[in-house]
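Have a look at the structure below, then the notes.
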Amino acid sequence: MPARTPFLDPGPAPADRSPRLYRRIVSAWRLVVIGGALSYRALFNWTTPPMFIGTLLVGPLLQLLFFVFLGRQLQVADDRFYLLGNAVISASTACVYGGTMAVANERRYGTLGAVLLSPRNRAPLWFGRALPYVLNGLLISVFTLSAACLLLGLRIPVAALPGLGAVLLAASAGCSAFGLALGALGLRFRDVFLVSNVASSVLLLLTGANVPRETLPGWMRALGDVLPLTHAADAARQLSAGAGLDGRGVAAELATGAGYALLAVVLLAVFERGSRRRATLDVM
Amino acid sequence: MRVGRALRLTLVGVRTHVSYMSRSPLEITFAVLVPLVYATLSVYLFRAADDPDRLLTAAVGAGLMGIWSSVLFGSGGAVQNQRWLGTLETLVASPTPLSLVLLPITLATAVIGTYAMGATVIWGAVLFDVPLDFAHPVLFLLAVPVCVLSLGMMGLLLAATFVLLRNANALANPLDAPVWLLSGMLVPITVLPDWTRPLSWALPTTWGSRAVHAATSGSAGAGEVLAPMGVSLTLGALYALLAVLVLGRVEQRARAAATLSLA
């Protein structure tokens, strides 16, 4: 049994530390980028062309059309409201289910043990998993919005496009962190896709993507405030109407995402420790 | 196979698969919780539109959407699940026609979907005080099973198509919203562009949901419920017939190419 020895070595001189720190940063980034890309290819079941196109591109676009026509019939809000709201929420399919699959599929395919045996820091390990979904979500939102503009004639001021890009990126990042937090439950519960299915539907209701938030009761609005996509949907609508970038909205979206990222890291650490203690890591 | 035996096989099959699916948390979630979210969303939208008279229509529409989702994913999974379980070859090799093996599964998914209808209507009544004043309560209780039956038969055609596809979900995932839309489950098809009408008319779901909505509210007479019910059943039977033909051809090809179990 290895003995724990007192720490006596003062360590290398400051001049020697820089290359070591540099190597550690590069190594962490390699873990985030390469590890994330590999896990995305291996674990995200929808990376085949038919699944990607059918589920992630066509599905959200058809959902958007459904809500636009529903909105036109009920005359609750104009096309712009539904187009922007659904373009923002279209990222949720990839981000919520992706985050869930990033963890739950490791367990399902029996590779979770090998991943958790790794001595690497958990934060870059798990954030690397979320990174491809951020980009994926952004791509889907841009595709949905572009297709909707072409099909339904929505015009967005050119000056608003950079801001809109930033808003959609913040939305995807927040939603991916939310998905990762849900995925963490996959370390503890067997049917985690049940949770992600319900969560995905709840986002439709509470984020204001399809129901004007002022028509919802107070407690639903309060819940929506702490969900990803809510502030981004508002900011995107303001931008498309030519009102300029709502810095507070974007900041609120980023803060919500950061909260879920923190929650994901804590849950993953807690559930990892619990599953090691109970030896239930691979139990399905 | 004699008609009596085929009927018995279908009934026993439906009972068995409904029992299986009722034990699956994922099926129940799809059949109950997700439609409840859509029902809530519909009720708030209809309220925001100052259209309180149609709240029951909104709840019933959300229930119909739930039935379709259940059929869609259940039919997609019908073949895929047998493939994953390694039982598809056994079922194909059995003397019972494959269509008669799959029909109870697709019907069972539609039956499970009726949980959605019950859940959304009760949810609306309990939480949103939606009055349950159906225009034709008896016809409503008749229209829903007819709608379920025709949807189950439509599901059989979907399942037949999915035998050919290795990844049936690629087709099933985006088919949710267009059928909700084209069938007028929540939005009347009159708001859609004219070119979509023939597509709507060709779907049993359109006639099924028309019958259910006519029985739910408005001043529709009994004929306006019964006629769409008849069309829905006829179209459903046509879809089932087409499915039998497609399945025979697909099965032959899969046997010849030895690709039946390739997932």
*Among the candidates A:GLY85, A:GLY110, A:GLY137, which residue alone is open to solvent by less than 40 Å² (accessible area, probe 1.4 Å) and touching a residue at least 60 places away in the same chain (Cβ under 8 Å)?*
A:GLY85
_When the residues of the range B:182-201 are narrowed to those that are over 18 Å from B:SER150 (Cβ atoms) and either among the charged types (D, E, K, R) or not in a loop (DSSP other than H, G, I, E, B) (or both), which ends up farthest from the other protein chains (Cβ to nearest Cβ)?_
B:PRO198
*Quick check: is even one residue across the range B:169-177 open to solvent by 20 Å² or more (accessible area, probe 1.4 Å), hydrophobic (A, V, I, L, M, F, W, C) and closer than 17 Å to B:MET65 by Cα?*
yes
*Condition test on A:ARG237, is it of a type in the set (D, E, K, R) and within 12 Å of chain B (Cβ to nearest Cβ)?*
no
*Can you confirm whether the range A:73-82 contains a residue that is more than 10 Å from chain B (Cβ to nearest Cβ) and either surrounded by 20 or more Cβ atoms within 10 Å (Cβ to Cβ) or over 26 Å from A:ALA241 (Cα atoms) (or both)?*
yes
*Can you tell me which of B:PRO204, B:PRO178 is under 16 Å from the mean Cα position of the chain (by Cα), away from every other protein chain (no Cβ under 14 Å), at pLDDT 90 or above and within 17 Å of B:LEU64 (Cβ to Cβ)?*
B:PRO204
*If you scan the range B:102-144, which residues turn out to be of a type in the set (Val, Ile, Thr) and over 18 Å from B:LEU64 (Cα atoms)?*
B:ILE105, B:VAL126
*When you go through (1) touching a His at 6+ places or on another chain (Cβ under 8 Å); (2) surrounded by fewer than 24 Cβ atoms within 10 Å (Cβ to Cβ) one by one for B:GLY86, which number turns out not to apply?*
(1)
*Take A:VAL96 and decide whether it is modelled with pLDDT of 90 or more and either under 30 Å from B:PRO52 (Cβ atoms) or surrounded by fewer than 24 Cβ atoms within 10 Å (Cβ to Cβ) (or both).*
no
*Which one of B:VAL144, B:VAL130 is of a type in the set (Val, Ile, Thr), in a loop (DSSP other than H, G, I, E, B) and buried (at least 20 other Cβ atoms within 10 Å of the Cβ)?*
B:VAL130
*Only one of A:GLY218, A:GLY242 is more than 14 Å from chain B (Cβ to nearest Cβ), open to solvent by 10 Å² or more (accessible area, probe 1.4 Å), over 19 Å from A:VAL96 (Cβ atoms) and among the small types (Gly, Ala, Ser); which?*
A:GLY242
*asked:* Taking the conditions exactly as written (facing chain B (nearest Cβ under 10 Å) and crowded, with 24+ Cβ neighbours inside 10 Å), does A:LEU64 satisfy them or not?
replied: yes
*Could you pull out the residue among A:ALA235, A:ALA264 that is open to solvent by less than 20 Å² (accessible area, probe 1.4 Å), assigned to a helix (DSSP H, G or I) and closer than 28 Å to A:GLY153 by Cβ?*
A:ALA235
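Can you tell me which residue in the range B:219-242 is farthest from the other protein chains (Cβ to nearest Cβ), limited to those that are loosely packed, with under 14 Cβ neighbours inside 10 Å and assigned to a loop (DSSP other than H, G, I, E, B)?
Taking the range B:219-242 first, the residues loosely packed, with under 14 Cβ neighbours inside 10 Å are B:219, B:221-223, B:230, B:234.
After this cut, where a residue has to be assigned to a loop (DSSP other than H, G, I, E, B) as well, the list is B:219, B:221-222.
Working: B:SER219: 20, B:GLY221: 24, B:ALA222: 26 Å.
By that ranking, first place goes to B:ALA222.
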_Give me the residue from the range A:45-60 that is part of a helix (DSSP H, G or I) and more than 8 Å from chain B (Cβ to nearest Cβ) and, out of that set, most open to solvent (accessible area, probe 1.4 Å)._
A:PRO49
*Kindly indicate which of B:ARG54, B:ARG15, B:ARG47 is farther than 14 Å from B:THR114 by Cβ, open to solvent by 20 Å² or more (accessible area, probe 1.4 Å) and at the interface with another protein chain (Cβ under 9 Å from one of its Cβ atoms).*
B:ARG47
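The values are calculated or read from the model by the stated rules, or taken from the named source; none is laboratory data. The shown structure was predicted, so the numbers you read here are calculated from the model rather than taken from an experiment. Using ideal geometry, Cβ is built from the backbone for each residue, glycine included, and neighbour counts are taken over all protein chains shown. We work out accessible area using only protein heavy atoms, side chains counted, and drop any ligands, DNA or RNA first. Shrake-Rupley method; radii C 1.70, N 1.55, O 1.52, S 1.80 Å.
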